[in-house]
Amino acid sequence: MQSVRVSLESQNEDSRGVIASLAEMDRTALTFAGSFPVARVSVEGTFCCLSGLENKASALWESTKDAAAVSAFVLDFIGRTLALMTDNARERYGDLPVIYAGGVMSSLYIRRILSSRGAFADPAYSSDNAAGIACLTAEIYRRRHGL
């Protein structure tokens, strides 16, 4: 995710700019109804490598000039990477509950890919990891205790 985050941060220097850029990318991706080449993700166990994603996204942009296609391509790649990492973690550690939190988890596009694998904080809370984890923990507690 490092290279994607750097690309998003280049538009705005503060974390609010990153979230605004991700939100715009997410909205754009959700409008895409076509197809794009499915790139192979690079996951080994619970570790991933996203180093080629920027080059692949740039090549898709150069060949299509379609912001929705490129946005969907990038978020699909990240979502499939996280899905495989989650599956590998469950294979290694058992079927434990998974909580997705953080700025990228505010993406509705990515949530569609991961929705069957775990729980998410409300997108408004995903921009702050601590707030997201606190809200999810409170929700799990309420559910377990019938509150």
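Each reported figure results from applying straightforward, stated rules to the coordinates on display, with no laboratory input. As the structure is a computational prediction, the values presented were derived from the model and not from experiment. Neighbour counts are summed over all protein chains in view; Cβ atoms, including those assigned to glycine, are modelled from backbone coordinates with ideal geometry.
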Just to check I understand the Karplus step: with θ = phi - 60° and J = 6.51 cos²θ - 1.76 cosθ + 1.60, what whole-Hz values come out for region 92-103, glycine and proline as x? 7, 10, x, 7, 7, x, 10, 10, 9, 8, x, x
For A121, which sequence-distant residues (separation of 5 or more, or a different chain) have an amide H within less than 5 Å of its own amide H, given hydrogens modelled in the peptide plane? Y100
Modelling each spin label as a point 7 Å along the Cα-to-Cβ direction, I'd like the D95/F47 distance in nm, to one decimal. 2.9 nm
